[in-house]
Structures are given as C-alpha cells and as structure tokens.
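The values are calculated or read from the model by the stated rules, or taken from the named source; none is laboratory data. Only a predicted model underlies this, so the values are computations on that prediction, with no experimental measurement involved. Note that each Cβ is placed from the backbone with ideal geometry, even for glycine, and that neighbours are counted across all protein chains shown. Ligands, DNA and RNA are excluded from the accessible area calculation, which covers all protein heavy atoms including side chains. Shrake-Rupley method; radii C 1.70, N 1.55, O 1.52, S 1.80 Å.
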Amino acid sequence: MEYQPGGQAITKLPIPTIALLLALSGAAFAQPAGELPPEARAERQKNNAAKLAGLAGFVDLSCPEMKPDRERLKAVVTRLGIDPADLDEGDLLMRTKTYIEIYQKDVPTNCARAAENFGEAGKTLPGLIGRR
C-alpha cells in the first residue's frame with residue numbers, strides 16, 4: 001500500500017502489517033517468530049504502542065526540527081487495539097517514559113532514525129513525525 005498524504009494509508013493498514021512495520025523499524029522490536037497466544041499478542045501490541053508513544057514523546061522533547069503527528073499516532077495505536085488514553089496512565093505510561101529515556105541516550109542518532117523511519121518519507125510509518 002502506498003503512502004497517501006494525510007495519513008489515510010497508515011490508518012487503514014491491518015494490525016499484523018503495522019506490527020511488521022514496527023518490527024522492521026530497527027527500534028528494538030525483536031519478537032519471537034510464529035503464532036503467539038492471544039495474551040502474548042495483546043502484550044506485544046501494548047508494548048509496540050508504548051514504543052511509538054515514547055518515540056513521539058522523545059521527538060517532541062529532543063528533536064527541535066521535528067514534531068509528532070498526535071492524531072496519526074492515536075490512529076495507529078487504535079489500530080493496534082490499544083485505547084490511546086491508556087498510554088496516559090499506569091503501566092503503559094511507565095513504559096512510554098522508559099522508552100523516552102532510552103531514546104534520549106543518543107539524541108542525534110535517534111532523531112535521525114525517527115526522521116528516516118517515521119518522517120514524511122519514512123520507511124516504516126511515513127508521516128508519524130513531521131517538521132515543526
């Protein structure tokens with residue numbers, strides 16, 4: 001599926017495709033091969049949502065030329081089966097903050113990766129990150 005301006009293609013991707021794109025992004029999404037039981041799959045989806053939210057938070061705090069597209073992030077997280085509001089509390093909030101801290105350990109490299117994988121012409125999820 002080609003990227004369409006406005007993010008329409010991203011929000012219509014099936015959940016397995018989004019998960020695969022996240023796995024290919026090189027952002028530490030290593031998962032075991034094969035079919036996972038529903039509980040493990042749900043946990044993986046929660047973790048992927050926290051990683052994306054952490055990336056968005058990191059970009060917002062640490063990459064002065066870029067900003068996350070919050071509406072697109074919410075749409076992708078929803079497609080993962082996670083209520084975006086769940087990222088603002090409890091365990092998912094803690095995971096999100098942990099990922100922000102991990103990304104902040106190498107700001108220049110991770111800002112460049114964010115642009116490469118999630119920027120307007122990104123390889124993984126185009127348009128999740130835009131210019132300020």
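A few notes on this one:
- Hey, Pro64 open to solvent by 50 Å² or more (accessible area, probe 1.4 Å), modelled with pLDDT under 65 and out of contact with any helix residue (DSSP H, G or I) (no Cβ under 8 Å at 6 or more places or on another chain) or not: no
- When segment 94-119 is limited to residues that are aliphatic (A, V, I, L, M) and open to solvent by 50 Å² or more (accessible area, probe 1.4 Å), the one that is farthest from Glu43 (Cα to Cα) turns out to be Ala112.
- Residues of segment 69-89 satisfying the condition of being of a type outside the set (Lys, Arg), assigned to a helix (DSSP H, G or I) and open to solvent by less than 50 Å² (accessible area, probe 1.4 Å): Leu73, Ala75, Val76, Val77, Pro84, Leu87
- Residues located in segment 39-61, provided they are open to solvent by 70 Å² or more (accessible area, probe 1.4 Å) and aliphatic (A, V, I, L, M): Leu61
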